[in-house]
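Participant: One structure, as structure tokens, below. Some questions next.
Laboratory data are not the source of any read-out in this text; all were calculated from the coordinates shown. Computed from a predicted model, the values in this text were never measured in an experiment. A quick note on method: Cβ atoms are made from the backbone with ideal geometry, for glycine too, and the neighbour counts reach across all protein chains shown.
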Amino acid sequence: MSEQFQRGVWGRLRLHVLPTKRFKTFAVSLYAGVPLSEDRVTSVALTPFVLRRGTQAYPETLSFRERLDDLYGAGFGFDLYKRGDHQIVQFRLDIINDRFVSATESLLGEALHFLGEVVTAPALEDGHFRNKYVEAEKTTVSKRIDAIINDKIRYAAERCVEEMCKDEPFRLLALGRKDQLTELNAENLYEAYQQWLREASFDLYVSGDTSLEEVQSLVEKSFRLPAGQPSSYSAPTLRKARAEVQTIVEKLDVGQGKLNMGLRVGETYGSNKYASLLVYNGLLGGFPHSKLFVNVREKASLAYYASSRLDGHKGILTLQSGVEIANYERAVTIIREQIEAMKKGDFAMEDFHRTQAMIVGQLRELQDSAFERIAFDFSNVLSGVERTGESFIAEIQAVTPENVTAVAQGVELDTIYFLRDRKEEG
């Protein structure tokens, strides 16, 4: 019998505990998700940057970091991203198991107490966040947004999604909007943070040599969340592709064109066709043997890179390629031919089996990482499905070429985005 997550609830917090002796550390993840929205995306993005600066017990950033050193060099960090129509903050902590050091206190207890303080007992002054922390982290977030703009590959990918989803919340960057940062201060950010605590969906994961009962008793002493029941995630709205493909051409100072395409796939992670869609993406652009890589990059020598990425939580697929500006139209034609070929089932059986094998290999690798297993399980929470690594491997292995061709019928091109230089075409 494989290891299973144990589930519980404490107040507004859903608990997911994976008792295992496979790892020498405890892996702890806290996910906090709210619906993506224009008016709060920036305050939610800024909040974890401020929370990582200090707690009520360790209000100075130096003492905060020294506390992590005291916990045998525990690793602490956070991520911000979009899943479906939600903006999610993930806090991560990994800490060594007590059995491997001469600790007198439960290190898992210390870690959960630390995390509880970070999220629910931040450093304050005059009843709100510390002004110097808020102003410093506004600069940090602003620089992170600038970094996306300066990374033209990432910028083109974000802009393609922004244009494709221009009347949906998903158009928003998980980091928020630069123009909204100036409106935030220590007082109104603290108010927004308190609303976030009241309304976010909280899922706490712990993997390691522990039990649900132990984690629950430690959580009760560590988190000061507002009273209430856990809130759940709503399914994303699935949209059809535009009746006519929209083409957006943007001109900036770039030496190489960035050609991105956005497609609607008609299914999401929660669908029983998701495994077929994953194999479809692998065949189209997910691997070095995929159609995009072979036909656009290798055979036609039109692209420096060419790949596809499936976002199952949103039900979209994006294609990324770097092309010489003069080759734009030819590249578009060849890419569209690959999408049509998939609809006809025009792919080699050798490539089909190789794709299945590579996806299965990736899924097996996930089982060797506590944080990857946690992330995989959280996808179930987001989507309302129950998959294990083993059951999903079986789903992938059961996919037939006919399944892939069938799912290809629902994949439709929506947006073509091309980032080119400012020179006029000659």
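Participant: Might you check whether a residue that is in contact with a strand residue (DSSP E or B) (Cβ under 6 Å, 6 or more places away or on another chain), among the β-branched types (Val, Ile, Thr) and within 22 Å of Leu278 (Cα to Cα) occurs anywhere in the stretch 352-360?
Facilitator: Within the stretch 352-360 (the criterion being in contact with a strand residue (DSSP E or B) (Cβ under 6 Å, 6 or more places away or on another chain), among the β-branched types (Val, Ile, Thr) and within 22 Å of Leu278 (Cα to Cα)), the answer is no, since none of the residues qualifies.
Participant: Please work out if Ala27 is in a helix (DSSP H, G or I), of a type in the set (Gly, Ala, Ser), buried (at least 22 other Cβ atoms within 10 Å of the Cβ) and touching a strand residue (DSSP E or B) at 6+ places or on another chain (Cβ under 8 Å). Lay out the reasoning, then the answer.
Facilitator: On the way: in a helix (DSSP H, G or I): no; of a type in the set (Gly, Ala, Ser): yes; buried (at least 22 other Cβ atoms within 10 Å of the Cβ): yes; touching a strand residue (DSSP E or B) at 6+ places or on another chain (Cβ under 8 Å): yes.
Spelling it out, it is not the case that Ala27 is in a helix (DSSP H, G or I), of a type in the set (Gly, Ala, Ser), buried (at least 22 other Cβ atoms within 10 Å of the Cβ) and touching a strand residue (DSSP E or B) at 6+ places or on another chain (Cβ under 8 Å).
Participant: Are any of the residues in the stretch 184-203 in a loop (DSSP other than H, G, I, E, B), farther than 30 Å from Ala111 by Cβ and free of Cβ contacts under 8 Å to residues at least 24 places away in the same chain?
Facilitator: no
Participant: Which of the residues belonging to the stretch 62-87 are touching a residue at least 60 places away in the same chain (Cβ under 8 Å) and under 15 Å from Val119 (Cα atoms)?
Facilitator: Matches in the stretch 62-87: Leu80 only.
Participant: Right, next: Give Gly282, Gly255 a once-over and let me know the one that is surrounded by fewer than 19 Cβ atoms within 10 Å (Cβ to Cβ) and in contact (Cβ under 8 Å) with a residue 60 or more places away in the chain.
Facilitator: The match here is Gly255.
Participant: Please state which one of Thr247, Thr237, Thr268 is on the phi < 0 side of the Ramachandran plot, buried (at least 21 other Cβ atoms within 10 Å of the Cβ), touching a residue at least 12 places away in the same chain (Cβ under 8 Å) and not aromatic (Phe, Trp, Tyr).
Facilitator: Thr268
Participant: If you go through the stretch 297-324 one residue at a time, how many are more than 28 Å from the chain's Cα centre (by Cα) and either outside any helix (DSSP H, G or I) or crowded, with 16+ Cβ neighbours inside 10 Å (or both)?
Facilitator: 4
Participant: Which numbered condition in (1) buried (at least 20 other Cβ atoms within 10 Å of the Cβ); (2) closer than 19 Å to Val219 by Cα is the only one that Phe64 fails?
Facilitator: Condition not satisfied by Phe64: (2).
Participant: Kindly list the number of the only condition in (1) within 19 Å of the chain's Cα centre (by Cα); (2) farther than 14 Å from Phe287 by Cα that fails for Asn327.
Facilitator: For Asn327, the exception is condition (1).
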